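The values are calculated or read from the model by the stated rules, or taken from the named source; none is laboratory data. These numbers were taken from a predicted model, which means no experiment stands behind them. Positions of Cβ are generated from backbone atoms using ideal geometry, with glycine treated the same way; all protein chains shown enter the neighbour counts. Side chains are part of the model used for accessible areas, which takes the heavy atoms of the whole protein and leaves out ligands, DNA and RNA. Shrake-Rupley method; radii C 1.70, N 1.55, O 1.52, S 1.80 Å.
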Amino acid sequence: MPENVKEPLQSGPVISVRDLRVKYGEQEILHGINFDVERSQTLVILGGSGSGKSTLLRTLVGLEKPSAGQIWMKGQDIAAISREQLDAIRKKIGMSFQGGALFGSMTVGENVALPLREHTNLEASTIEIIVRLKLDQVGLGGFEDYMPSELSGGMKKRAAVARAMAMDSEILFFDEPSAGLDPIIAAGIDHLILQLKKAFHMTMIVVTHELASAFLIADQMMLIDKGNILAFGTPEEMRSSTQPRVRQFLDRVAEPEVSQELDYLQMLTERRPGAGRMAGWRRGA
Amino acid sequence: MMDSVARVGETVTNILAYLGGLASLAGRSAYCVFVAPFKGRHLRWQAAISQATQVGVRALPILSLITFFIGLILALQSAYELRKFGALSYVASAVAVSLTRELGPLITAILVIGRSGSAFAAEIGTMRVTEEIDALETMAIEPVDYLVAPKFVAMIVMMPCLTILANTMGILGGSLFGVAQADFTWVRYMQSSLDSLFLRDVMTGLIKSVMFGITITAVGCYEGLSTGGGAEEIGRSTTKSVVISIFLVILVDLIFTALFFFVSKR
């Protein structure tokens, strides 16, 4: 399918999103998103609850199907390729989920080894070395034999990052890396992201609503509101933005109270419904 | 009027969609087990063996005990009627035939639904809620290949084995009554049970047990995969998997029993 394959470029954006629209049932969540992510850059996607930032992240890794638009990654439009082609790209990206999403029945080491065991023919001893290396890189050296339930929240997220990096991922995606962590542990995760950027020049996309963390790690920032990009730019550009909605978010100003009973009811009933059931496996079946 | 017609139509569509979902899950798993290994993708034998241990080996004690009692109950119940005709000696064949053709596979299926079908739904449902299924997908590991296919293999192998055990234990249970109350010796009771059985009886039971295994796995895994968000949802899909499995197992039982009845009549 030549129309879907662009020549891979050494320079230029690693990810290009064009007019991306995502629908859950009849309701459109993302209304035509456009942006680029350059190589070795960290893009932080900011937004309030229900703004569509998590949906955007899930769509970027292929967990949700866009209703329209293109997502160019490694020279291919992942919205239009087959499951096999998408899987080939997924072997080169890693995703760290909000709660870690480690497999509870496996040790930390086995979790990190899983993608290697599934996708490579490496010897067990080689895999063991890679696992140790990856866990060292996230500051969890020596925790190979622990079960995920024996780890603290911050350690689980670190282990999840190690698993996401297991296949030497070129792009890392983070969903709320510091959510639910105390400030010190959260700062540790920020530090880890900065270290990975410095040491491995990874391209990273981080979804968060923690402002301090966002300004610390971002090269580019994007503020999403109600499914639209409200602002895009460097942290400095964001800080100096005069857009009222951006200022409201950055200065943490509360929404005006809804005083009318009817308005309140309308606000409650306009919430978006949940994601489509079985959306995950059916695509491949 | 139009409203109720539309509602009937919607229900039928939903039922067909559900059955389609089960079939698609079973089909994808069959592809993983029978086709994918020839395309260079390895089958997860270790996972299948560990599932087989869970589904089969760990169920042995409770299944043995239950079917022993069922055999004894069957002997008592059939003796109640047979006694009136002075035909107590038919107890052995009554127990053996009803167990191998019907009750052995059915009791096994009900027990496996309670032990394993619900566990499949809860396990996969929890993985759905904690985003582990999504994590598999982002690692380019197909969740059905990884989680569901080994369960199908385990069930298809273990269900007939468990059913054979259930039949044997049931006949042993019946023999307890036979020896104690119906003037049988152990050897004569067993001989009489064996004489009354045709290979066809045993085979129809075993074929049914395989179909039950497929049904239970498909429903349990489908319910698990379609779990929504939250702990409550896991409970809901677990309950639903048990209720739907029991219903579908009985339905499959009816279909196959009718099929065997009409085939053997010819």
Next on the checklist: Restricting to region A:62-88, and then to whatever is within 12 Å of chain B (Cβ to nearest Cβ) and in contact (Cβ under 8 Å) with a residue 60 or more places away in the chain, can you tell me which residue is nearest to the chain's Cα centre (by Cα)?
Outcome noted: A:Leu63
Item to check | Residue list for region A:64-85, restricted to those being in contact with a Gly (Cβ under 6 Å, 6 or more places away or on another chain) and surrounded by fewer than 21 Cβ atoms within 10 Å (Cβ to Cβ) | outcome: A:Arg83
Checklist entry - Quick one: which helices (runs of 4 or more DSSP H) sit completely within region A:89-175 and have at least 1 residues that are open to solvent by less than 50 Å² (accessible area, probe 1.4 Å) and within 11 Å of chain B (Cβ to nearest Cβ)? => result A:108-119, A:153-165
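Output the strands (runs of 3 or more DSSP E) that fall wholly within region A:182-262 and possess 3 or more residues being within 15 Å of the chain's Cα centre (by Cα), or say none.
Result: A:203-208, A:220-225.
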Item to check | Top-ranked residue of region B:232-254 - restricted to ones that are among the hydrophobic types (A, V, I, L, M, F, W, C) and in contact with a helix residue (DSSP H, G or I) (Cβ under 7 Å, 6 or more places away or on another chain), ranked as most open to solvent (accessible area, probe 1.4 Å) | outcome: B:Ile246
Item to check | Scan of region A:217-235 for residues that are open to solvent by 10 Å² or more (accessible area, probe 1.4 Å) and over 18 Å from A:Ile193 (Cα atoms), ordered by number | outcome: A:Asp225, A:Lys226, A:Asn228, A:Ile229, A:Leu230, A:Ala231, A:Phe232
Checklist entry - From the list B:Ala109, B:Ala119, B:Ala149, which residue is crowded, with 21+ Cβ neighbours inside 10 Å, under 26 Å from B:Ala30 (Cα atoms) and within 14 Å of chain A (Cβ to nearest Cβ)? => result B:Ala149
Checklist outcome for this item: Taking region B:31-60 and keeping residues over 18 Å from B:Val112 (Cα atoms) and either open to solvent by less than 40 Å² (accessible area, probe 1.4 Å) or of a type in the set (S, T, N, Q) (or both) leaves B:Cys32, B:Val33, B:Ala36, B:Leu43, B:Gln46, B:Ala47
Next on the checklist: Given the criterion more than 19 Å from B:Leu103 (Cα to Cα) and either touching a residue at least 24 places away in the same chain (Cβ under 8 Å) or charged (D, E, K, R) (or both), identify the matching residue among B:Val219, B:Val187, B:Val179.
Outcome noted: B:Val219
Item to check | Number of the condition not met by A:Val14 [criteria: (1) closer than 27 Å to A:Ala166 by Cβ; (2) more than 14 Å from every other protein chain (Cβ to nearest Cβ); (3) touching a helix residue (DSSP H, G or I) at 6+ places or on another chain (Cβ under 9 Å); (4) open to solvent by 10 Å² or more (accessible area, probe 1.4 Å)] | outcome: (3)
Checklist entry - Which one is farthest from B:Pro143 (Cα to Cα), of the residues in region B:12-26 that are within 12 Å of chain A (Cβ to nearest Cβ) and open to solvent by 40 Å² or more (accessible area, probe 1.4 Å)? => result B:Ala17
